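Asker: This structure is in structure tokens; I'll ask about it shortly.
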Amino acid sequence: MDDSTLGELNKLKDKSLKELQAQFELIFGKKTDSPNEVFLQRKIAYWIQERALGGLSRKAKTKIAELIEKYDPVNNKTLRPKITTSGKELKNLPSMRDKRLPIPGTTIRKKYKGKEIEVRVLEKGFEYNGKFYRSLSGITRVVTGSNWNGYDFFDV
């Protein structure tokens, strides 16, 4: 990386939020209301480095797209069953799982009253202390002794 690129990157640290938002708009052609200076600095810094050193290769972009299609944790595409009807595969099915849940096998951790709580996400339910639960709310009832929304309690 040449000195001018490094200088440009170092100047980002001294810019105010308003200056970063203005530079973001200039670079990306759209306004941002993001109040997060670190995010804006990183986004602009990546663009500066990409301009100086070149972006990802076409091969890398293709591989990333394939991995997202196969393992996308947000949309849980790997968990959706393949359903065919009249010889055609249906692609736009609603997910059978709640989108807020992580992929099965994930461990959700929460510290509550000094105690570390670990819940394992299963295909259909949850495991806590070796027992199966159908919902996170059931686990919160056991842990707290009162009714809580499981998603709120575990920050899922």
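Asker: Working only within segment 110-130, note down all residues that are free of Cβ contacts under 8 Å to residues at least 24 places away in the same chain, closer than 23 Å to D98 by Cβ, of a type outside the set (K, R) and assigned to a strand (DSSP E or B).
Answerer: E118, V121, L122, G125, F126, E127, Y128
Asker: Can you tell me how many residues in segment 139-152 are in contact with a Lys or Arg (Cβ under 9 Å, 6 or more places away or on another chain) and over 10 Å from V119 (Cβ atoms)?
Answerer: Total satisfying the criteria: 5.
Asker: Could I ask something else about it? Looking only at segment 120-143, filter to residues that are over 16 Å from G105 (Cβ atoms) and of a type in the set (V, I, T); which one of those is farthest from the chain's Cα centre (by Cα)?
Answerer: Taking the candidates together, the pick is V142.
Asker: One residue is enough: does segment 118-128 have a residue meeting the conditions among the aromatic types (F, W, Y), under 25 Å from Y71 (Cα atoms) and touching a Phe, Trp or Tyr at 6+ places or on another chain (Cβ under 7 Å)?
Answerer: yes
Asker: Still on this structure: Can you report the number of residues in segment 19-70 which are surrounded by 12 or more Cβ atoms within 10 Å (Cβ to Cβ) and among the small types (G, A, S)?
Answerer: 5
Laboratory data are not the source of any read-out in this text; all were calculated from the coordinates shown. Please read all numbers here as calculations on a predicted model, not as lab measurements. No Cβ is skipped: glycine too gets one built from the backbone with ideal geometry, and neighbour counts run over all protein chains shown.
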